[in-house]
Amino acid sequence: MTNQIQGLSFLFPEAILVFFAIGCCLWGVFTNRSALIGTYALLGVAMSALSLPASFGAGKNLFFGMLTNDPFSAFFRQVILIVAGLAIMISLDYKDLDRADLGEYYFFLLTIAVSLMLAASANNLLMIYISLESISLVSYIMAGYSKRDIFSSEAGMKYFLFGAVSTGMTLYGISLIYGLLGTLSLPAIVGQCSTIMSEPAAGLALLLILVGFGFKCSLVPFHMWTPDVYQGAPTPMAALFSVGSKTVGFAFLLRVFVLTFGKNFESWPLLASMLAIVTMTLGNLTALEQTNLKRLLAYSTIAQAGYIFLGLAIATPMGIKAFLFYLFVYALMNMGAFGAVIIINNSLKSEQLEDYSGFYRRDPLTAVTFAILLLSLAGLPPLAGFLAKFFIIAAAVEAKLTVLAGIVVINSVVAVYYYVRIIKFMFLHEPSGQAAPPGPCRLHLHLVLVITAAANLILGLWPHAILGWITNLLRMG
Amino acid sequence: MFPILSWLVFLPLGGALVVFLLPKKEVGLMRGVALVSSLAVLILSLRLCLGFAQGKTEMQFVEVSPWIPQMNVMYFLGVDGLSVSLVFLTALLGFLACAASGCILHRQKEYFILYQLLMTGMMGTFVALDFFLFYIFWELVLIPMYFLIGIWGGPRREYAAMKFFLYTLAGSVLMLVAIITVYFSATPHSFNMLELRNVTSTLDFPLQIFLFLAFFAAFAIKVPIFPFHTWLPDAHVEAPTPISVILAGVLLKLGAYGFFRIGFPLFPAAAHYFSFALAILGLLNVLYGACVAMAQTDFKKMIAYSSVSHMGFVLLGLAAMNATGFNGALLEMFNHGIITGAMFLLVGMLYDRAHTRDLNQFGGLSGPMPVYAFYLTFCSLASLGLPGLNGFVGEFLSLAGSFASYRILTAISALGLIITAGYFLYMLQRVLFGPIATNPRQYSDLQATEILTLTPLTIIMIVVGFFPIVILQFQETAVQGLLKWLF
C-alpha cells in the first residue's frame, strides 16, 4: 500500500497536466481567446516540468509494476515535456486552427502529453498497450482536427485505419506472449523468456508487437500513413506526431526488444538493422522527389527514424547512448523545422517548395534559423545533427559493423540533396511574383526557431551537458 | 603565450560577426571590416613565418586543451613545415581575393559574412591536429562555398554549387568512417593525428589499405584527381572571381595537404603499395588536364583544366616517395596557388570589361591594354614553367623526384609541359595579338587597385623562381622527418 502512495508522487507531473487539461476544456466553454488558453496550457507544461525532478525520487516499481521509474523513463519524460512545450508554442501562432474550439485543442494536446509520459514509464505489456491506444485515440482526433479541411479529414481517417490495424496486431502479439508465459510484466518476462524463444509462436508474437511500435515510429514498411497524415494534420500536430509519438515508439522498442528480450532474441540485430537500413534509404530516396514541404519533412522524419533505430539495432552501450542522443537532438531539430513550416505557411499560404523562392528576402530570421535546422537534420558539422550521426556511425564502427556505417554516410549524402534544395529555394532564388510584405512578427514561433537553432549550434560544439546526462543515465540503468 | 593560431583561425569569424551587426546599407564599411580582418590575418601569418623555427620537425605554436572529454576530443592546433607555407598562402590569397571582391554588386553583407566563414574553415583545416576538429573545419568550408557559388555565381551557379557540395561531401563522409575506425583502433581512443600514426602503421595491411582508400576518396575529390575532377570545371567557371581564386588557390591544396598530413604518415604501408597507382593518376591528370585545356574556348574553363594538369605534378612528386619529389610537390602546391590565383584575377578583370570569356571573341588586346598584356603574359609564362619563374622550380623538382622512381612514366608526363606551353601561348595569341577586337573602347587598361592586387603575386613568382629556398627552407626538415617515418 505504501508503494502505491509513493507512486502518486511519481505521477505528480502527469497529474498537473491533467489538471491543466481539464482547465483548458472548461475555459474553452467560456472564452476562445487563443493566446490566453495556450499560455495557460504552456504554464501547465512548465509547472509539470518543474515538478518532474522531484518525481524521480519515488520507488522503482510502481503501481504493481505497471510503471517503472528507471533512468530511461526519466529521460523520455523530460524529452516529452520539452516537445509538448514547443508544440504549444508553435500552436499559439498557428492561424489555421478553428477559433471556436481552442479549449478542446489544448485539452487534447495536453492529454496526448499525459499519455506519452505514461507510456514512457510503462513496464507492463498491458500498460504499454493501453498507453499506446490512448495516444492513438487522441492522435486520430487531432489529425482530423481541421474539420473543414478535406486533407485533414483524410489524414484522420487514414491514421485511424492504419493505426487500428497495427495496434490490433500488437495486441494479438501481446496475447500470444501471455499465452506462452502467463505474465505481461516486463521484469518477469526477462527472467523467463529464454525458455520460450525456441517456440515459433514467440517469434510471431514479437513480430506482431513490432508492427504496432514500428507504426508509431513510422519505420518502413509501416510508414505508409506518415506523409498523408503529416500533410493533412494541423502542422503543430504533425510536429507532435513526428517527435512525441516517435519518442514513445522508440521507448517501447527499447524497453521490449532491447531491455527485455535483448540477448534472447537472437535475430534482433539483423532484423532491426535491415529495417533501419530500409527505412532510412526509402525515406531519403522518396524525399528527393517531393515538392510539398510537409510531405518532404514527413519522408525526412522516416529517414531520421531509420538512423535512430540503427542505434537500437546495434544495442551496445555506445549504440544506446547514440540512440538517446539522437532522439534528443532530433526532437529539437524537427520541432524547429515544423515551426518554420508554420511561419512560412502563415505568410505564403503555400507548402509548395517553389513558392519558397526568395523567402530569405521576406523573413531573414526564419530563413536563417530554418537553414541551420535543415543543415543539422542533414548532419553537417558543426551542428548537433552531425554529432548525433557521428555517434551512430561510431557505434556501428565500434561494433565492427562498418558496412552499416557506410550505408549511413551514403544515405546522409543523399539526404543533403533535398535538405539543401529547400535552402536553395529560400536563399538562391529571387522572390517570384509580387513580394508580399513580411508577415507580422510571430513572437512564439520565432522564439521556438531561435531556441531550437541555437540549441543545435551549441549542442554541436558543446554537447558536454547532454552527453554527461545520458552517460549518467546509462550508468544507473 | 600569444595563441597566434587561434587568432588566425577565428579572427575572420570575428570579422563575420562584426559584418553581421552592421546595417545592410553600409557596404563600404563591410568591405573595410573584411579587408582589415584579412589584412590582420595576413600580418599574423607573416609573423608566424618569421617566428617559425625551421630546423625543428616537431609541431610549433602548439595549442592544446581538452574540448569534449567524454570522447577524448582535443582542441589541438599546430603548424609544421608541411602547413606553414600553406597558412601563408591562405592568408595572402584570402586578403587579395577580399580586395578583389569589388565585383560583388548585390547582397554584399551576406557575401562578406560567408567569405570570412570560409576563411575560418580553410585556415582551421590547415592547422587542426585533432581529427574531430579537422573534420569540422574540413566540412565547414562546404557550407559557405555552396552559398558563395550559388548566390554570386554565373548562369549555371545552382547546378555547379550543388554538384560541388555533393561531390566533396560524398568523399568526406567516407573519410569520417575512416576517422572513426582509426579512433577506435587506438587504446585509449584518440583523435590525435600525430600520435595515431604509431597505432595505424601497425594495423593489418588490408585494414590499412581500406582506411587509406577511404581517406583517398576525400582527398582525391578535393585535389581533384582524374576521374573525380568533374565538379571542378563547373565550380570554377560559375564561381565569382574572388571565389575562383580561393577555390583554385587554397581549396585544391586541402586535398594534397591531406595526403601529406594524414594519408602517407598514418598508412605508410598503403602509401608504398599505392605509390605507383598515384603516379599513374598523376600522369593522367597532367596529360588529360592539359589536353582538355587546349580544347577550351572559355577562358576560365581553360584555367580550371590547367589546374587539373598542374595538380598532376603535385601527385607525381607525392608518388615519388623521395625528398626531391616531396619538396617539389609541396612547392608546386604553393606555386600553383600563387599563379592560378593571379590567373583567375586576370580572367575576372577581363570579364568585368568584356562580359564574355569566349577566347575567340578577344584579339589584339595588347594594343588598348598594355599593362594587362604584361601581367597576363607574365603569369602565363610562370604557369607554363618558364625557368626563372616559380612554376618551373616546382614542376622541375616534382619531375626530378619522380624520375628517380618511375622513369618512363615521368618521361611521358613531361610531355604535359609542352602541351601546357602550347595552350597558354595559343591563349595569349587569341587574347592579346591578332586583329583587334570588335569594340576596343570598352577595353580600358588596368586600374591602380587591380595592379596592386596582382603585383604582390608577380613579385612572389620572381622571388621564388630565383630563390626557391625561401619556401623550401620551411618544408625541408618536415619532408625529411616524413621520409624517415615512411622508410
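Only one entry of B:Gly337, B:Gly328 meets the criterion of being more than 18 Å from B:Gly401 (Cβ to Cβ) and at pLDDT 90 or above, and that entry is B:Gly337. The residue of region B:122-160 that is farthest from B:Ile4 (Cα to Cα), among those that are within 11 Å of another protein chain (Cβ to nearest Cβ) and of a type in the set (Asp, Glu), is B:Glu158.
Summed over region B:16-60, the residues that are within 21 Å of B:Leu86 (Cβ to Cβ) and within 23 Å of the chain's Cα centre (by Cα) give a count of 18.
Where helices (runs of 4 or more DSSP H) fall entirely within region B:219-292, those with at least 2 residues that are more than 30 Å from B:Leu105 (Cα to Cα) are at B:252-258. Exactly one residue out of B:Glu63, B:Glu58 is in a loop (DSSP other than H, G, I, E, B) and either among the acidic types (Asp, Glu) or in contact with an Asp or Glu (Cβ under 6 Å, 6 or more places away or on another chain) (or both): that is B:Glu58. Among the conditions (1) surrounded by fewer than 22 Cβ atoms within 10 Å (Cβ to Cβ); (2) not in a loop (DSSP other than H, G, I, E, B), the only one that B:Met175 does not satisfy is (1). When region A:284-335 is filtered for residues that are open to solvent by 10 Å² or more (accessible area, probe 1.4 Å) and more than 18 Å from the chain's Cα centre (by Cα), the ones remaining, listed by number, are A:Leu285, A:Thr286, A:Leu288, A:Glu289, A:Gln290, A:Thr291, A:Asn292, A:Ile314, A:Ala315, A:Thr316, A:Pro317, A:Met318. For the condition touching a residue at least 60 places away in the same chain (Cβ under 8 Å) and not polar (S, T, N, Q), B:Leu166 does not qualify.
Being touching a residue at least 60 places away in the same chain (Cβ under 8 Å) and in contact with a helix residue (DSSP H, G or I) (Cβ under 7 Å, 6 or more places away or on another chain) holds for only one residue in A:Ile393, A:Ile466, and it is A:Ile466. Tell me, please, whether a residue that is within 14 Å of chain A (Cβ to nearest Cβ) and either of a type outside the set (D, E, K, R) or open to solvent by 60 Å² or more (accessible area, probe 1.4 Å) (or both) can be found in region B:41-60. Taking every residue of region B:41-60 in turn, none turns out to be within 14 Å of chain A (Cβ to nearest Cβ) and either of a type outside the set (D, E, K, R) or open to solvent by 60 Å² or more (accessible area, probe 1.4 Å) (or both). The criterion of at least 2 residues that are polar (S, T, N, Q) and under 28 Å from A:Glu154 (Cα atoms) is met by the following helices (runs of 4 or more DSSP H) wholly inside region A:230-314: A:268-287, A:293-314.
When region A:52-68 is limited to residues that are under 25 Å from A:Leu132 (Cβ atoms) and outside any loop (DSSP other than H, G, I, E, B), the one that is most open to solvent (accessible area, probe 1.4 Å) turns out to be A:Asn61.
Summed over region B:163-172, the residues that are open to solvent by 20 Å² or more (accessible area, probe 1.4 Å) and either within 21 Å of B:Asp298 (Cβ to Cβ) or more than 7 Å from chain A (Cβ to nearest Cβ) (or both) give a count of 2. Of the helices (runs of 4 or more DSSP H) lying entirely inside region A:362-438, those carrying at least 2 residues that are among the hydroxyl-bearing types (Ser, Thr, Tyr), open to solvent by 10 Å² or more (accessible area, probe 1.4 Å) and facing another protein chain (nearest Cβ under 10 Å) are A:402-423.
Taking B:Gly121 as the residue in question, decide whether it is without any contact (Cβ under 8 Å) to a residue 40 or more places away in the chain, in a helix (DSSP H, G or I) and under 25 Å from B:Thr340 (Cα atoms). So B:Gly121 fits the description; yes. For region B:175-184, the criterion of a residue being under 21 Å from the mean Cα position of the chain (by Cα) and within 12 Å of chain A (Cβ to nearest Cβ) is satisfied by at least one position. A:Ser350: without any contact (Cβ under 8 Å) to a residue 24 or more places away in the chain and assigned to a loop (DSSP other than H, G, I, E, B), yes or no? Yes, satisfied.
Given the criterion among the hydrophobic types (A, V, I, L, M, F, W, C) and in a helix (DSSP H, G or I), identify the matching residue among B:Ala40, B:Ala53. One residue alone meets the criteria, B:Ala40. Residues that are touching a Ser or Thr at 6+ places or on another chain (Cβ under 8 Å) and part of a helix (DSSP H, G or I) within region B:140-162 comprise B:Leu140, B:Leu142, listed in sequence order.
The values are calculated or read from the model by the stated rules, or taken from the named source; none is laboratory data. In this text, all values refer to a predicted model and were calculated from it rather than measured experimentally. Cβ: placed from backbone, ideal geometry, glycine included. Neighbour counts: every protein chain shown. Just the protein is used for accessible areas: all its heavy atoms, side chains included, with ligands, DNA and RNA removed. Shrake-Rupley method; radii C 1.70, N 1.55, O 1.52, S 1.80 Å.
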